[in-house]
1. Over the chain, with a Gaussian network built from C-alpha contacts below 10 Å, which listed residue (Leu119, Leu25, Leu41) shows the highest mean-square fluctuation?
2. Which of rounded, prolate or oblate describes the range 28-155 when judged by the alpha-carbon gyration tensor and an a/c cut-off of 1.5?
3. Normalising by the residue count of the chain, find the relative contact order in percent from Cα pairs under 8 Å and 6+ residues apart.
4. Springs between alpha-carbon pairs under 10 angstrom, Gaussian network model over the chain: which of Arg68, Arg33, Arg91 fluctuates most?
5. Can you give the angle from 0 to 90° between the axis of helix 134-151 and the longest principal axis of the chain, with both taken from C-alpha atoms, to the nearest 10?
6. Taking only Cα atoms, what is the 0 to 90° angle, nearest 10, from helix 43-53's long axis to the longest principal axis of the chain?
Amino acid sequence: MTTDAPRWLTDAEQRTWQAYRRMQLLLGAQVSRDLARDSGLSDADYDVLSHLSMTEERGCRVSDLAARMLWSRSRLSHHLTRMQQRGLIVRKGSASDARCAEITLTDEGLRTLEAAAPLHVESVRRHFIDLLTPEQHAAFAEIGEVVVRHLSDGAEPRPPKKRAADQ
């Protein structure tokens, strides 16, 4: 039985990996702290509210949201119970499938999101977006899309190619 030798990271690759890891941890923690301080919402709260606000009828199936958030339905269900107790969402059985539950953003949930969003966006800008050049934005987005496509087996939609007239 033969085994291939590990493909150790080069110095440049190690620098890339470590920079990503540190950035991801520090940026995520800072933006989460700002969100909690500014609005009292967790990252998960904000993700649920923003996702629901972008759907028709301000709602979706719990299973669809769990897949989007990469959470188990059980974990999401517990979180949704807490959000429902706070009046941010309502949960009901699906009219089309008795095995499914649907969640809908309440008016209070929408007001909460609308109050939180400007402060959240400012935090994202201050700690990430405004630090980068347009070229760095393009490179970062492309890198992220490549990795997401790889990890999701191509399930993520590719952005449309720009036509010459659009450039």
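All of the numbers you see were taken from the coordinates with simple rules; none came from a lab. These numbers were taken from a predicted model, which means no experiment stands behind them.
1. With Cα springs under 10 Å in the chain, the top fluctuation among Leu119, Leu25, Leu41 is at Leu25.
2. On the way: a/c = 2.33, a/b = 1.38, b/c = 1.69.
It comes out oblate by the Cα gyration axes.
3. Numbers: 115 pairs, mean separation 34.1, N = 167.
Dividing the mean separation by the residue count of the chain yields 20 percent.
4. Sorting by GNM fluctuation, first place goes to Arg68.
5. Roughly 80 degrees between the two axes.
6. Approximately 70 degrees, to the nearest ten.
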